[in-house]
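This report refers to the structure that appears directly beneath it.
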Amino acid sequence: MEYNIDLLVAGCDTACRHCYVNGGPAPEMPYEAFVRCMEKLRPAFECLGDRLSFTLDNEVYHHLQALRIFEYVAEHAASNYYHHGSTTGIAILGHPDREAILSLLKQSGWREVSFAIHGGTENHDCIVNRPGALLALKRAAELFKAHGFEVWLSLMASKALLRDRVEVEQLMGDIPHDNVLPVIPDYYPTPRLRRYQSIRCNAEETEAFIRLARDLGGVDAPRYCSESQVWRSLCEGGFSPDWTKRQIAFFHIDHRLDFHVGNTGSSIRDCGNVDDLSSEKILKIIESATDNYYETSEIHYADLEQAIDTRGVRRSEEDYTYPDPISCFIAMIDNTRQINGSGA
C-alpha cells in the first residue's frame, strides 16, 4: 500500500470547472502551523519511507511564505515530497520571492512545470473562472522557460477547446513549451463536476480531440472509455473492476490542520486536528487506511459493487468519455441518482 497526504498550504488563484479537488480561493496555512504539521508527520515519513508522500496544494506559489516552505521541504523532507509541478502561473508572476523560489526549485531538482489549456482566451478564462488567466499562463510559461525549466502544456479535452481549435493552434505556437499532454478529465460526484458535464467530450469529439493533440505534438494519446462501452460490458456481465488495483490511500490536511481521510475535495472521514493528535496516532490512522482512490464523499465501493449487481446505472443522453472505466461508472451511477432525485 502507498499513501499520499495533500497539504493545503494555500488556496488557488482559479476555480477550474474540471477540478475534482474543488480548488479555489482559500486561506493560507500559517508557516508555523505548516512546520508543526511536518514535525508531527516526521515519524510517519521515517517509518513508511518512500511509501508515504506528500504534496503542497492547491497553489503553493500563492503562499506569501512559499520560499520558506520550499526551503523547509528541501532541508527536512525532500525524499517524501511529490512535486507535481502543476500551476496556473498567476501567483508566481507577482510573488516577492519569485527569483529565489525559482532558483531553489532548480537546485532541488524540481525542474518540471505544467499548465492546463482549456481553449481560446475567452473560453479558457471562463472555464477557470479568472479573467486574464490565459495571458498570465503565457507569461508564466515564458518565465519558467527562461529560467531553464521543462514546460508541459496539458490540453484539457472539452467541447470548448474543440470549438477554439484554430485559436488553440495559434496559442500553442505562441506559448513556449517542451511537451504536450492530452488530458481527459476525471469524474467525481461533486456539484462542480456535474456542471462540467455540459462541456465534456462525447466519443466522437474525443477522437477529434486526440487527433488535434497529436497534430500539436502531444505525447501518447490517452486511453479512454465511453458510457456506451461500459454499459455494454455491464449488460454482458463483463464489467468486473479490480478494486485493489491502485492500492493507494489519500489523505489531506487543510489550513486549520484538520486531518481527513480521502482525496482533497472528497473527504471520507475526519480524523481530528493535527495539533491534537500524537505522531503515533497519525501513523496508526495512515497505516489502517485502505485503498480509497475511487472513493468519494458520496459514492463508495459498496455503492459501486451493488450497482454492478443490479445494473442500477443510467447512461447520459450523450455518450460521454472518461479516462478510465471506474470514473465513467461513477458518473453513470451519479446520473441515475440525479434523475431519481437522490443526488446532492
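The values are calculated or read from the model by the stated rules, or taken from the named source; none is laboratory data. It should be emphasised that the depicted structure is a prediction, and the values quoted were computed from it without experimental measurement. Here Cβ is always computed from backbone atoms with ideal geometry, including for glycine, and neighbour counts include all displayed protein chains.
Residues checked against (1) farther than 22 Å from Ser154 by Cβ; (2) touching a helix residue (DSSP H, G or I) at 6+ places or on another chain (Cβ under 9 Å); (3) surrounded by fewer than 21 Cβ atoms within 10 Å (Cβ to Cβ); (4) in the same structural domain as Gly119 (by TED's automatic domain parsing):
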site: Glu2; (1), (2), (3), (4): yes, yes, yes, no
site: Ala10; (1), (2), (3), (4): no, yes, no, no
site: Cys16; (1), (2), (3), (4): no, yes, no, no
site: Asp50; (1), (2), (3), (4): yes, yes, yes, no
site: Leu56; (1), (2), (3), (4): no, yes, no, no
site: Val60; (1), (2), (3), (4): no, yes, no, no
site: His63; (1), (2), (3), (4): yes, yes, no, no
Requiring at least 2 residues that are in contact (Cβ under 8 Å) with a residue 24 or more places away in the chain, of a type in the set (A, V, I, L, M, F, W, C) and assigned by TED's automatic domain parsing to the domain that holds Ala116, the helices (runs of 4 or more DSSP H) wholly within the range 191-260 are 203-215
When the range 42-65 is checked residue by residue, the ones that are assigned to a helix (DSSP H, G or I), touching a residue at least 40 places away in the same chain (Cβ under 8 Å) and either among the basic types (Lys, Arg) or touching a strand residue (DSSP E or B) at 6+ places or on another chain (Cβ under 9 Å) (or both) are Arg42, Ala44, Leu48, Arg51, Val60, Tyr61, His62
Among Ile286, Ile282, the single one that is assigned to a helix (DSSP H, G or I), closer than 19 Å to Ile248 by Cα and either among the basic types (Lys, Arg) or touching a Lys or Arg at 6+ places or on another chain (Cβ under 8 Å) (or both) is Ile282
Here the residues within the range 26-41 that are crowded, with 20+ Cβ neighbours inside 10 Å and touching a residue at least 60 places away in the same chain (Cβ under 8 Å) are Met29, Cys37, Lys40, Leu41
Query raised in the report: In the range 122-135, is there at least one residue being in contact with a Cys (Cβ under 9 Å, 6 or more places away or on another chain), within 24 Å of Asp215 (Cβ to Cβ) and part of a helix (DSSP H, G or I)?
Result: yes
*Are any of the residues in the range 209-229 over 29 Å from Ala289 (Cβ atoms), in contact with a Cys (Cβ under 8 Å, 6 or more places away or on another chain) and of a type in the set (Gly, Ala, Ser)?*
yes
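Condition check ((1) over 23 Å from the mean Cα position of the chain (by Cα); (2) basic (Lys, Arg); (3) within 18 Å of Gln197 (Cα to Cα); (4) modelled with pLDDT of 90 or more) across all residues:
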residue	(1), (2), (3), (4)
Gly237	yes, no, no, no
His252	no, no, no, yes
Asp258	no, no, no, yes
Glu298	no, no, yes, no
Asp334	no, no, yes, yes
Problem set entry | Flag for Gly23 being among the small types (Gly, Ala, Ser) and surrounded by fewer than 17 Cβ atoms within 10 Å (Cβ to Cβ) | no
Gly109 meets each of (1) without any contact (Cβ under 8 Å) to a residue 24 or more places away in the chain; (2) in a strand (DSSP E or B) with one exception, condition (2)
Scanning the range 66-80 residue by residue, those touching a residue at least 12 places away in the same chain (Cβ under 8 Å), outside any loop (DSSP other than H, G, I, E, B) and over 14 Å from Glu99 (Cα atoms) turn out to be Ile69, Tyr72, Val73, Ala74, His76, Ala78, Ser79, Asn80
- Item | Any chance Gly265 is on the phi > 0 side of the Ramachandran plot and surrounded by 13 or more Cβ atoms within 10 Å (Cβ to Cβ) | yes
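Residues are listed down the side, and each one gets a yes or a no for (1) under 18 Å from the mean Cα position of the chain (by Cα); (2) farther than 23 Å from Leu171 by Cα:
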site	(1), (2)
His84	yes, yes
Ile92	no, no
Pro96	no, yes
Ile101	no, yes
Thr121	no, no
Selection over the range 147-186 where residues are in contact with a Phe, Trp or Tyr (Cβ under 8 Å, 6 or more places away or on another chain) and among the acidic types (Asp, Glu) yields a count of 2
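Check whether at least one residue in the range 157-166 is within 25 Å of Tyr294 (Cα to Cα), of a type in the set (S, T, N, Q), under 20 Å from the mean Cα position of the chain (by Cα) and exposed (fewer than 14 other Cβ atoms within 10 Å of the Cβ), and report yes or no. Full working, then the answer.
Keep residues of the range 157-166 that are within 25 Å of Tyr294 (Cα to Cα), which gives 157-158.
Next, from what is left, pick out any that are of a type in the set (S, T, N, Q): 158.
Right, trim to under 20 Å from the mean Cα position of the chain (by Cα) and you get 158.
From the residues that got through so far, the ones that are exposed (fewer than 14 other Cβ atoms within 10 Å of the Cβ) too are none.
The answer is no; no qualifying residue exists.
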